Amino acid sequence: MNAAPPLLAVEKLRKHYLSPKPWFGPAKPPIQAVDDVSFTVERGETLALVGESGCGKTTTAKSVVRLVEPTSGSVRLEGEELTTLSAEQMRQRRKDLQIVFQDPYASLDPRLPAGEIVAEPLRNFAGMTAAQRRERVQWLFARVGLRPESAAKFPHEFSGGQRQRLGIARALALNPKLIVCDEPVSALDVSVQAQVVNLLMDLQAELGIAYLFVAHDLAVVRHISHRVAVMYLGQMVEVADRDTLFATPRHPYTEILLSAVPVPNPRVRPVRMLLQGDPPSPANPPPGCRFHTRCPLAQAICREERPPLTPREAGAGTQWVACHFR
């Protein structure tokens, strides 16, 4: 009996942006925002994508839901290839695949009351009567911690945390199987961040939703994720379950990222590892390992051969690392 495929399977995903052709001189090389990225997300699981700004996290997330069209590669949801679907077929598939954006204000239509924003997916897909939509919207508002009577308000009348709850309610409307969360708490105050993260975890426990969670706050990632994928300059450098990655990171870049996490104990003096130099341009990435220009372990082989993402045995499972020496 064949095992069921993972909920989401991404293989060799690439997204390259072509630069405008100049009037004079040679054409500029394409920007390799995402280059040969592969990962899976199981049902009811949270996979966090982490890395410094510009590493390709958000481009990867948007490519999964085809808000940007991948240059090449495969994106399969429950075994169905999404990259070859027509616009109408993809529209129907979005019932199972939703997204929560980073900016909770820019992602909401300022001309519509909140109840209409949350009811819009129901009008487009669910085939409900007006009374059924109102009842569903009231349930969604209550479930994400908003007063049902606030459905008549407009987005500008809500706080930032309340607006993000609206975005979550809209994403939940059609009972999706996977929600892509593109840095959903980075624009919020710390206390509100905790409320939204706990809400996402409660919804996952109750409804069995899977999350592809894009973030740069490693404290949030440690709280919400089951597995973590670390990206650098458009490529994966390490993938492991949360506890293994935070306890025993293998890739030098992962070690440096984790050393920057604040320690909530004034008696502990953490050892900071600083990155030297700036990240290379994604339009002209270095050959071999893309991290070798800033890596303290770099040797000649790192400048010549790209290390594949290979499995290493770990305490709770398999740890995948792209490094010649780790």
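So if R0 is 41 Å, what FRET efficiency would Tyr105 and Arg269 give, r being the distance between their Cβ atoms, rounded to the nearest 0.05?
0.55
Most exposed first by the Cβ proxy, i.e. fewest other Cβ within 10 Å, how do Ile168, Ile99 rank? Before the final figure, lay out the partial values.
Numbers: Ile168 25, Ile99 22.
In order of increasing Cβ crowding within 10 Å: Ile99, Ile168.
Per residue of the chain, what 222 nm ellipticity follows from adding -39500 (n - 2.57) for every DSSP H run with n ≥ 4, rounded to the nearest 500?
So the helix-based figure for the chain works out to -8500 deg cm²/dmol.
Considering the zone a paramagnetic label at Ala4 would reach in this model (a point 7 Å from Cα along the Cα-to-Cβ line), which residues of the stretch 202-243 have amide N under 14 Å from it?
Taking a point 7 Å out along Cα→Cβ of Ala4, the residues of the stretch 202-243 whose backbone N falls under 14 Å are 208-210.
On a full-extension model of 0.36 nm per residue, what is the gain between Ile301 and Glu313, subtracting their alpha-carbon distance, rounded to one decimal in nm? Numbers along the way, then the final one.
Values: separation 12, 0.36 × 12 = 4.32 nm, distance 2.35 nm.
That pair, Ile301 and Glu313, stretches by 2.0 nm at full extension.
Please give the FRET efficiency for Lys12 paired with Ala205, using the beta carbon to beta carbon distance and R0 = 25 Å, rounded to the nearest 0.05.
Once rounded, the FRET efficiency stands at 0.15.
GNM, the chain, Cα, under 10 Å: largest mean-square fluctuation among Val64, Val220, Val228?
Val220
Once whole DSSP H runs in the chain are found, which of them have Cα atoms spread over 15 Å or more along the helix axis and a mean Kyte-Doolittle score of at least -1.0?
Long hydrophobic helices here: 130-143, 160-172, 190-207.
How big is the charge dipole of the chain about its Cα centre, in debye rounded to the nearest 20, if each Lys and Arg gets +1 on its Cβ and each Asp and Glu gets -1 on its Cβ?
In total the dipole reaches around 280 debye.
Would you mind ranking Thr60, Thr84 so that the residue whose beta carbon has the fewest other beta carbons within 10 Å leads the list?
Thr84, Thr60
By how many nm would the segment from Ala142 to Ala247 grow when fully extended, if each residue of separation counts as 0.36 nm and the alpha-carbon distance is taken off? Display every interim value, and only then the final one.
Numbers: separation 105, 0.36 × 105 = 37.80 nm, distance 3.79 nm.
Here the answer is 34.0 nm.
Here are labelled values, (i) 54, 44, 38; (ii) 68, 58, 54; (iii) 68, 54, 44, and one is the computed Cα extents along the principal axes in Å for what I pasted. Which one?
Among (i) 54, 44, 38; (ii) 68, 58, 54; (iii) 68, 54, 44, the one derived from this structure is (ii).
Assuming R0 = 35 Å, what is the FRET efficiency of Asn198 and Asn124, from their Cβ-Cβ distance, to the nearest 0.05?
About 0.75, to the nearest 0.05.
Could you check the simple spin-label distance between Asp217 and Gln132, using points 7 Å along Cα→Cβ, in nm with one decimal?
Those two pseudo-labels are separated by 3.8 nm.
What is the antiparallel percent of DSSP beta bridges lying wholly in the chain, to the nearest 5? Could the numbers behind the result be given before it?
Numbers: 28 of 45 bridges.
So the antiparallel bridges in the chain amount to around 60 percent.
All of the numbers you see were taken from the coordinates with simple rules; none came from a lab. Keep in mind that this is a model prediction, so the values were computed, not measured. Quick reminder, even Gly has a Cβ in these numbers, built from the backbone with ideal geometry, and neighbours come from all protein chains shown.
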